[in-house]
Structure formats: C-alpha cells, structure tokens
Amino acid sequence: MNSLIHLKGRINYLDSKAKPANPQFRKGECVTLAELKMHERELEYFLDMPHITEQLGGVLVSVHYKRVIPKSRRLSYYFSNGNMDANDAVVGAKFGLNDAGNKFHIITYFIGIETIREAINKVKSVIDFMNYMHLEKADEQFLKILYAPNERKKKQERGAEHNASEKEKQTYYLKWLKDHGQSKTALGKMLVETSEIHTFKLPTYEVHEKGNAVVTIYKTKKNTIELMNQLGITISQDRIVNDTTMLLYPDEILKLRADAPYLIAMAVSDFCQYHFEDNHLQYGGRTIPSPRGEPVIGVIDAPFDMNAYCAEWVEYHQVFPDDISVEAQALDHGTEVSSLIVDGESFNPSLADGCGRFRVRHFGVIAGKRGQSFSLLKSIREIVEGNPDIKVWNLSLGSQYPIHENYISPVAALLDQLQYMYDIIFVIAGTNDPLETRKMPMGDPADSINSMVVNSVRKNGLPASYTRVGPVLSFFRKPDISYYGGDRGEWLVGCTGFGKKNICGTSFAAPLITRKMAYMIYNLHLPREVAKALLLDTASGWESVKNFEEIGFGVPPFHIQDIVKCKDDEIRFFFYERAKKYQSVVYNIPVPKDGDTNKYPYIAKATLCYMPLCDRSQGVDYTNTELDIHFGRVGDDRRIKTINDNRQTESGDYTKEEDARNLYRKWDNVKHIVESYNPRKKSKKAYEGKMWGLDIKLKERLSRRYHDGLRYGVVITLKALDGKNRCNEFMSLCASEGWLVVPVDVEQQIQVQQLSEENVRWDD
C-alpha cells in the first residue's frame, strides 16, 4: 500500500480581478411601473409604525425575493446609506414556497428609518423617470440603450436609422438624470434589484409549541434584556444564551407574541426527549491493563457507571445536581458509549480498526430521557472551554424531535461556534427513529454543520432500520457518513457496570468513528480538516453516492490503515492551508504521465473540508463563507480543466444559484468531486504546461473576514487506469518542483502501539 502524502509548498494568494459590471436583468426579466408603485406603498407602510421604530431603534424589513437569490443579486443599493453595506444589515434568512412549489428567499434586514426614507426616495425617482419617459416597463433593451457608449462607431447603413433613434433616447435619458442629480448606474441598480423583489413585509412569526422555549429575536440596536424589560418581560442574565437568544416561559412567550411578534426570529422547545436503546444483556467479566498515557477523548452523554470494567480508563464528571435520580437506561447508554471508545475493537473483533485504546473524560449531562436544551447549551460551553486539551469530542445524545427546515437548533449552532473558535471536532450520532420509518428527519444536534454526523448501516451496507434522514436546512448534506451501529440479528457489543450488552443505534456507530478521528488527530497529528476529509473521501469510493440523505458519503473502511494509506494503483495526497485572499492557487502539481502515450492514465477525486464561521441568525444562509474548489489539468490557457466541469467564477458563467448549490454544493462546507471509475475510461491529454493545478476561491456573504485566513484541508486521490504504481515517481517529481514531500508514517505508529498493548480476555 502507498503512504498518504502531505504536500507543502508555496501557495499563490490572489485578489479578485473581477471588475464591477453594469447591472443587468436576468434573461427575460423586466420591471414594470406598477411594481415600482407597489413597492413604494410597501416601504411607506414602515413609516406608519413610529412605536416600533422607537422601540427597536430602527426598522425590521423582510424582503420576499422571487427565487433563491445569490449574494450578488441581493439588495445593495436599495438599503445602502452612506458607508453602510446592506449585507451587514441582514439579520435573518429563510425559504418560502411559491404556488408552484419552488423555493424563494425571505431575507430580513434591520435598517434605520432614514434608510427607509432614502429607499422610498430612490423608488420615487425611478417612478418619476419612467413617468416622464412614458415607460410602462424597463427591460434588457432599455438597459442596453442606457449603458451604450456615448460615442458609437458608425454601423452599416441598414441600421443607421435605428442606431440614431437609440442614441437620441440615450441622450434624452441622460439629460433627465443629470438635471435631477441622478446617475445611469444608480438607475440601473434600482431597476435590476427591483426585478428580484416580490414584496416588502414586516417579519412574521411561526406558531410555537407549548411550554418553555429557547427564543431568538432579531438583532436590533437595543440590548436584549433592556428590550424585554420595555415589553414587560423580566429576563435575568442566567437565562441569556447570547446577544439575541434566551430562555422564555410560556406566559412570556404569549406576551412577546401578542406585543411584538415581528421580533421573534426562531423558537425551539426547551424540552428534549432522548431515546435510549433497551437491548439484551450478556453477563461476563473482563480485565483490561492500566492506561499508559493514551490520548484522551471527550464524551458528553448520560452518566458513566464506575462499576464498569474499564472505569480506570474513564475520568468521570457529573454535571447535573446530585439530588436528580439517574435512570438505568441512561446510565447504561453513557457507559456503553465510553466503553466503545476505550476498548471497542476488543469486544467487536469483526470491526477491529487498529486504533488501540483511548482514555475518556466523560461528562454526564442528563440523567434520563427528558432534558432541557437550555441547560445542555450552558453545560457544553462550560465543558469544552474548561477542557482545552481535548481535541476530539463524542456526543451521542439527540432529540427525538425533528430539526427545523429554516434554522439550525441552538445546540448545533453552539457546537459549530465552538469548533470554529477552537481547534476541536465533534462526532455526533445521527439520532434514531423509534418508529423505524426511515423517513423521520434527524433530531438536533445532528444538524451541526461543522461536526461529523454519523448514521448507521447494516453489515450489507444498507441503512439500519432506525435510520433518520437529512438534509439540514433543506440543503446541507447530513449525515456525513455511516458506520456499523448494529441492528436486529447483528448486534454490536458494549459494556455496562453489569457486563457485556448487545446494543444498536447511531449512538454506538458514532464512537467507532470517533476512535478513527482521534487516531488521525492525536496519533498521526493530522489537522481535523484533513482527518474529516480522509474519512469522507475513503467512505465515498469511486462511485457517486445516490442516497446521501440516509448514509451520507458512505461507509469508511474498517481498519485505520485503509483510511490513511491507499492501494498500489492510487496516489493520495493532501494540502492543509489557509484561504487568505479571494484565490489560493497552485499550477505546479507534477502528476506522472504514461511514458508510452504521454497522457495521464487516471481518474481523480478530491474532498475539501473547512469549518467556517456560522451565524444562526442568518437562518438558511447559515454559513457565511464559501470555498469553491477547482482541480484538474492546467490547460494551455493557464486555466484548470476541472474534473467536475465546474465553471463557477469563470468569465461568461451564468450558473443559477439553485444549480450552483445542487451541482457544486455552493455554501456547503464540504466539497467532494469525483470521476466515476470505468475500465473503458480513456487517458487524459497532457497540455503544454504538463502540470495539474488546484484553485480554491473564497467568497463571503457578509462583510466579515478571517484575520489569519480560513483553514481548509484538501485530500486528492488519483487512480491509475492501467493499474501501475507511480507513487514514488510522483513524490520524486514533486520534490523536483520545490514541494516539501512528507509521507505520513503509519507503520511506525502501529509498531509503537502494538508494543504497548497487552492481551485481554473475557471470563464468561
């Protein structure tokens, strides 16, 4: 088998060369005078609510767009005022459905009353212009005339009269604009932005379930506690999650809904119900050697039973009060999870992974099937921040309630934030469907975007009977992967304080993936982004996955060697870098050619992972950062011929936002591109430069930046169609191109591990 290769070298960081272009309608679009007059009335409505303006220090405006809108087509000029960027005024986003069943964006802005007045004046100016020019609509032809150069070259005599007419119109338009202190660019922006708008409305609130709730309000200029006090709702600091999220009681929710429903952005029940599997015991004793400084994995779960055979390997901390009684199923669940992490391969030999044993620092946060999201939120933050030495965490708790289609759960959002802030990763169970419908959406916190979310499969690779499904926010691919979590007739074995136990569930698939993740991060010192990419890359194989919603990218190999090494006919290498500017690009990856044909006899795949800053307040536009990957041969034109024909950002590309999201996973924090294997596949042409390249492009929705760049990992695999091993040749060529070539030495680590372990046995 060939070693995984780390390529280190000089990355070229480039700013975007794109120049602002004149605003243009989408093909076939136009703006009518009637639409403009309607929007003028809608905006004036917000001037008739001085009590809200005074209360909030501004205005909340929900813009209902006609479609799923890219950042480039959002309102900018409408709500620009001085140096303020309209994107910075976005405080929420969700999807609506039109009568045809198509999705559209509803984006909520918080702006000052002066910005509203200015927007109204801008609309009136366009209305005045169209009235004066006797225009009932403005379309592509209108903009063509408006933007035409002042000095035209003479056309053929056949079109001279028409051109002269257009010139006269343009002169007429420009004179009016000059006389009224307007510009053609401003006029064009207003018309194009208006073409994307369906209506302006005050935000509305979706009805909430009964009981306590974790409520998020839209961000305004007012402090949350101060604002609630103004509404007659007294909130103490200990009920505040962050600037806009708090715990409210039923009477407080009713009052908020009655007096200020437009403030409520999201609300989720504070009540959580967890499902603990009730399986069959197999009694038997077990011995295990004492720990010898093995790496520590963090577990946040139900309590751990210190009577378990592996108790010496577990440092247990109870988080909930001592006067709360612990349910037996909860105690078993927490103990089973940690036992799998410590020693799982010993009592599940068919799943032997070669990762050895791990110590566990176990935090018991719930005592039974019922819990509170708010308490869990506070506990997780305190636990993670109080244990900075732990880089890999397992969370096998999940709500039975399905995730929301328009926003991320509070717990998942916290996990994403912690993973962005700290160099850690969470492995999370995909949650179980007790009714075994295989149609129930996953429960929180399996909607965490930055985490590794794990579902279960049977030994035949098909989804387990209790599998729940993604996606998240109707777009993000979750689960990430699946693993063998057991099922009827093919149980996993875990351990409780009473002995061995037959178990099944995503709760137990997740710890087995946690072990692999921990081995790569702790033992092989791989960055978390690379470790995650490796698991996804090896799980996917060489075929396009069809049922992502159930199994994610697929099932990774049993043994760790098959993840961090590759077959003799494959070359696997990775980059670990920071996206510091718009473009991070290399053009000098020297892939070996076939000596006889002078071509590249390979298929290729690449997996990109990054953990961006996420913002729950942005709703369906949860990830603020997009990294777009282009990988392939460098053409004679110095452009990369991408293996997935990705033409986003290229000149002349008109990919729709919905297509970009579906085809190229735009705004997803995992990108996977693959050429399917086919024995009849032909070798690839070698261009003049005879190199391959990688291009990572950075885009952001909001005007926020990463001070030191955003870290990412890219794992690339080349498979030789002729079956030849060219790995050593690849490393030699890379070294000659100035790359620092660092093979990952797995063999040495395995030898050290084997020497440190002792045999164990069951006393049945």
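When the Cα convex hull of region 47-114 is projected onto planes of every orientation, the mean area is 5.3 nm².
Distance between the pseudo-spin-label points of residue 369 and residue 637 (7 Å out from Cα toward the beta carbon): 6.3 nm.
Taking the square roots of five times each eigenvalue of the Cα gyration tensor of region 281-563, the equivalent ellipsoid has semi-axes of 24, 22, 20 Å, listed largest first. In terms of other Cβ atoms within 10 Å, 576, 677, 600 run from fewest to most in the order 677, 576, 600. Put simply, the amide H of residue 567, placed in the peptide plane, has neighbours under 5 Å in 2, leaving out anything fewer than 5 places away on its chain. Within the shell of other residues whose beta carbon sits under 10 angstrom from the beta carbon of residue 490, the net charge comes to +2, with Lys and Arg scored +1 and Asp and Glu -1. Region 10-44 and region 500-555 have Cα centres spaced 42 Å apart.
Of the peptides 615-621, 452-458, the ranking by mean beta-carbon count within 10 Å, highest at the top, reads 452-458, 615-621. Peptides 340-349, 62-71, 529-538 ranked from most to least packed give 529-538, 340-349, 62-71, packing being the mean of other C-beta atoms within 10 angstrom over each peptide's residues. Judged by the gyration tensor of its Cα atoms, with axes a ≥ b ≥ c, region 17-56 is oblate; a/c meets the 1.5 cut and b/c is at least as large as a/b. Shown in residue order for region 500-512 are the 3J(HN,Hα) couplings computed by the Karplus curve 6.51 cos²θ - 1.76 cosθ + 1.60 at θ = phi - 60°: 5, 8, 6, 9, 7, x, 4, 4, 9, 5, 4, x, 5 Hz (x for Gly and Pro). Normalised by 2.2 N^0.38 Å, where N is the number of residues, the alpha-carbon radius of gyration of region 373-451 equals 1.11.
Where in region 663-697 is the amide nitrogen less than 13 Å from a point lying 7 Å along the Cα-to-Cβ axis of residue 544? 663-665, 673-677, by backbone N distance to the label point.
Put in line by how crowded their Cβ is, counting other Cβ atoms within 10 Å and starting with the fewest, 428, 366 read 366, 428. Label point of residue 144 set 7 angstrom out along Cα-Cβ; within region 1-27, amide nitrogens under 20 Å from it belong to 21-27.
Sequence-distant contacts, meaning Cα pairs under 8 Å at least 6 residues apart, place the relative contact order of region 213-269 at 56 percent. The Cα-based radius of gyration of region 578-638, divided by its Kirkwood radius, gives an Rg/Rh of 1.14. For the Cα trace of region 567-725, dividing Rg by the Kirkwood Rh returns an Rg/Rh value of 1.00. The alpha-carbon positions of region 213-269 define a convex hull whose volume is 72 Å³ per residue.
Remark: spin-label model distance residue 742-residue 24 equals 4.5 nm, labels positioned 7 Å along the Cα→Cβ axis.
Taking the alpha carbon gyration tensor of region 314-438, multiplying each eigenvalue by 5 and rooting it gives semi-axes of 23, 19, 18 Å, largest first. Residues whose amide H falls under 5 Å from that of residue 458, counting only those 5 or more places apart or on a different chain, are 464, with hydrogens built in the peptide plane. Which angle from 0 to 90°, rounded to the nearest 10, does the C-alpha axis of helix 373-385 make with the longest principal axis of the chain? So the helix axis and the longest Cα principal axis differ by about 70 degrees.
Take the Cβ atoms of residue 221 and residue 459, set R0 to 45 Å, and the FRET efficiency comes out at 0.20. At a Förster radius of 22 Å, what calculated FRET efficiency corresponds to the Cβ-Cβ distance of residue 722 and residue 559, to the nearest 0.05? So the FRET efficiency works out to roughly 0.25. Per-residue ellipticity at 222 nm, computed for the chain from helices alone with -39500 (n - 2.57) per DSSP H run of at least four residues, works out to -8000 deg cm²/dmol. Counting only the backbone N, which residues of region 324-368 are under 17 Å from the spot 7 Å out from the Cα of residue 498 toward its beta-carbon? Residues 326-337 qualify, since their backbone N sits under 17 Å from the label point.
In µm²/s, what is D for region 465-558 at 25 °C and 0.890 mPa s, where D = kT/(6 pi eta Rh) by Stokes-Einstein and Rh is the Kirkwood radius from Cα pairs? The diffusion coefficient I find is 169 µm²/s. Taking a ≥ b ≥ c as the square roots of the eigenvalues of the Cα gyration tensor of region 403-529, is the shape rounded (a/c under 1.5), prolate (a/b larger than b/c) or oblate? The shape class here is oblate. Both radii are taken from the alpha-carbon atoms of the chain; with Rh as the Kirkwood radius, Rg/Rh is 1.02.
Computed 3J(HN,Hα) for region 223-231, one whole-Hz value per residue from the Karplus formula 6.51 cos²θ - 1.76 cosθ + 1.60 where θ = phi - 60°, is 4, 4, 4, 4, 5, 5, 4, 4, 8, glycine and proline marked x. From least to most packed, judged by other beta carbons within 10 angstrom and beginning with the fewest, 491, 313, 393 follow the order 491, 313, 393. P(r) for region 406-455, from all Cα pairs and a bin width of 5 Å, is 5, 23, 27, 21, 14, 7, 3, 1 %, short bins first.
Projecting label points 7 angstrom from Cα along Cα→Cβ for residue 172 and residue 585 puts them 4.5 nm apart. Extension gain, residue 423 to residue 66: 0.36 nm times the residue separation minus the Cα-Cα distance gives 124.5 nm.
No value in this document is a laboratory result; all are computed from the given coordinates. Fair warning: this is a prediction, and the values are worked out from it, not measured in the lab. Backbone-built Cβ (ideal geometry, glycine too); neighbour counts: all protein chains shown.
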